[in-house]
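Input: a single structure, listed below in structure tokens.
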Amino acid sequence: MLVDELREKLKSVEPDIQAITSCVTQANLEQKVKELDAQVNGENFWQHPQRDAISKEYRKFKQILEDYQALVTQYRDFGELVDLFHDNETELEAIKSDIYQVCRKVEKFKVEFLMNQEHDHCNCYVTINSGAGGTESQDWAHMLLRMYLRFCEREDFKVDVLDYQAGEEAGIKSATLYVRKKNAYGFLKAEVGIHRLVRISPFDANKRRHTSFAGLSVTPELEDEKIVINEAELRIDTYRAGGAGGQHVNKTDSAVRITHLPTNIVVQCQNERSQMQNRQVAMKMLMAKLIQKQEDEKRARSAAVEKKKIEWGSQIRSYVLHPYKMVKDHRTDLESGQPENVLDGDLMPFIEKYLIMLSQEQASN
């Protein structure tokens with residue numbers, strides 16, 4: 001019946017409404033808008049040295065609050081209308097498209113509300129590194145690579161594999177992805193950290209349980225920002241590309257590895273057909289990593305996973321396939337009893353939960 005369909009549709013976005021409401025409440029948005037309103041409309045505000053920045057902030061927060069209030073009102077009104085016309089198919093059919101439109105607005109608003117940091121809208125570079133453990137960790141790193149490729153496919157992100165370092169027996173030592181779409185960095189920054197796998201090893205003849213680690217780092221692509229890189233501080237190595245590719249793969253030393261000696265940051269690219277193209281892409285990656293490092297140092301922290309030990313005790317998420325099945329995020333405590341789905345790219349519940357937590361933490365600071 002149509003009434004059941006519409007109730008189910010409204011119910012499907014109820015968690016989104018709750019998440020948005022929680023963020024708005026935690027951010028004390030109403031009070032913030034009132035305070036800014038009083039400031040902007042104050043008698044001598046035109047003399048304030050930061051009046052432009054304050055006015056911009058006021059307009060931004062006021063718009064968010066007004067959009068939120070209108071959306072919640074619409075959502076509740078349609079819920080009441082569905083109950084009112086529960087036995088009137090004609091009336092329900094008349095409001096069906098509006099209900100679907102409001103539900104789409106809720107989903108879009110939630111994403112835009114959570115994507116409120118400076119670089120969230122950017123494309124990004126995702127690097128996966130295997131941890132200690134040889135073949136086990138390299139196989140786990142390859143599983144993570146597949147997971148993120150599947151996630152990007154689900155979310156319609158465009159992906160290029162810029163670098164792929166195969167493991168000696170199985171899996172990968174490392175891989176770098178270039179992910180393109182609005183808010184790519186905003187979503188994938190939630191995945192930065194150490195990922196832990198517990199399973200019966202397919203490489204152990206005695207079928208023992210093994211724990212493996214792999215690390216993930218994410219760097220935003222900052223098109224408009226530049227820093228000066230001294231060529232004398234670079235070590236540039238070329239090597240023969242490996243992995244899947246066209247006819248040029250394994251025939252010429254077209255792949256490029258650049259090491260920035262003062263920081264020991266290493267970037268690699270083998271995706272393009274020529275050494276020159278690979279060098280240009282690698283330099284772009286290096287620029288992005290150096291800019292991010294500068295910003296991290298300003299905030300007195302480092303977000304670079306490569307500089308953390310990829311081992312026990314530092315993981316952000318655990319994926320357990322034996323003796324029971326569970327994925328648990330150690331930052332938000334969110335759990336899933338279906339690791340197969342998560343490893344097939346069903347990551348959005350974990351990402352959204354983390355972004356909501358991050359938004360609440362920022363609001364309370």
Among (1) touching an Asp or Glu at 6+ places or on another chain (Cβ under 7 Å); (2) assigned to a strand (DSSP E or B); (3) over 20 Å from residue 220 (Cα atoms); (4) of a type in the set (A, V, I, L, M), there is one condition residue 175 misses while meeting the rest; what is its number? (3)
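Just to be sure before I move on: is residue 108 in a helix (DSSP H, G or I), farther than 19 Å from residue 6 by Cβ and in the same structural domain as residue 6 (by TED's automatic domain parsing) in the structure I sent?
Details: in a helix (DSSP H, G or I): yes; farther than 19 Å from residue 6 by Cβ: yes; in the same structural domain as residue 6 (by TED's automatic domain parsing): yes.
So residue 108 fits the description; yes.
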Only residues that are aromatic (Phe, Trp, Tyr) and more than 20 Å from residue 107 (Cβ to Cβ): list them for segment 313-363, please. 319, 324
Tell me which residues, restricted to segment 2-44, are surrounded by 13 or more Cβ atoms within 10 Å (Cβ to Cβ) and hydroxyl-bearing (Ser, Thr, Tyr). 22
Reported set for segment 122-160 where residues are under 15 Å from residue 195 (Cβ atoms) and in a loop (DSSP other than H, G, I, E, B) is 131, 132, 133
Name the residues in segment 53-102 that are buried (at least 16 other Cβ atoms within 10 Å of the Cβ) and in contact with a Phe, Trp or Tyr (Cβ under 8 Å, 6 or more places away or on another chain), would you? 64, 68, 71, 92, 95, 99, 102
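Considering only residues that are of a type outside the set (Asp, Glu) and modelled with pLDDT under 90, look in segment 51-62 and name the one that is farthest from residue 108 (Cα to Cα).
So, considering only residues that are of a type outside the set (Asp, Glu) and modelled with pLDDT under 90, the one farthest from residue 108 (Cα to Cα) is 51.
Condition first: part of a helix (DSSP H, G or I) and among the small types (Gly, Ala, Ser). Now tell me which residues in segment 178-193 satisfy that.
Of segment 178-193, the ones part of a helix (DSSP H, G or I) are 184-191.
Passing the criteria: 184, 186, 190.
I'd like the full set of residues that are more than 19 Å from residue 124 (Cβ to Cβ) and modelled with pLDDT of 90 or more, limited to segment 239-259. Write out each step before concluding.
Of the residues in segment 239-259, the ones more than 19 Å from residue 124 (Cβ to Cβ) are 239-257, 259.
The answer is 255, 256, 257, 259.
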Mind checking which residues of segment 15-74 are under 25 Å from the mean Cα position of the chain (by Cα) and in a loop (DSSP other than H, G, I, E, B)? 27
Do the conditions hold for residue 196, that is, is it basic (Lys, Arg), over 13 Å from the mean Cα position of the chain (by Cα) and part of a strand (DSSP E or B)? yes
Condition check for residue 119: in contact (Cβ under 8 Å) with a residue 12 or more places away in the chain, under 27 Å from the mean Cα position of the chain (by Cα) and not in a helix (DSSP H, G or I): yes
Tell me which residues, restricted to segment 266-286, are surrounded by fewer than 19 Cβ atoms within 10 Å (Cβ to Cβ) and within 23 Å of residue 118 (Cα to Cα). 283, 284
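The values are calculated or read from the model by the stated rules, or taken from the named source; none is laboratory data. Fair warning: this is a prediction, and the values are worked out from it, not measured in the lab. Methodologically, a virtual Cβ is constructed for each residue, glycine included, from the backbone with ideal geometry; neighbour enumeration extends over all protein chains shown.
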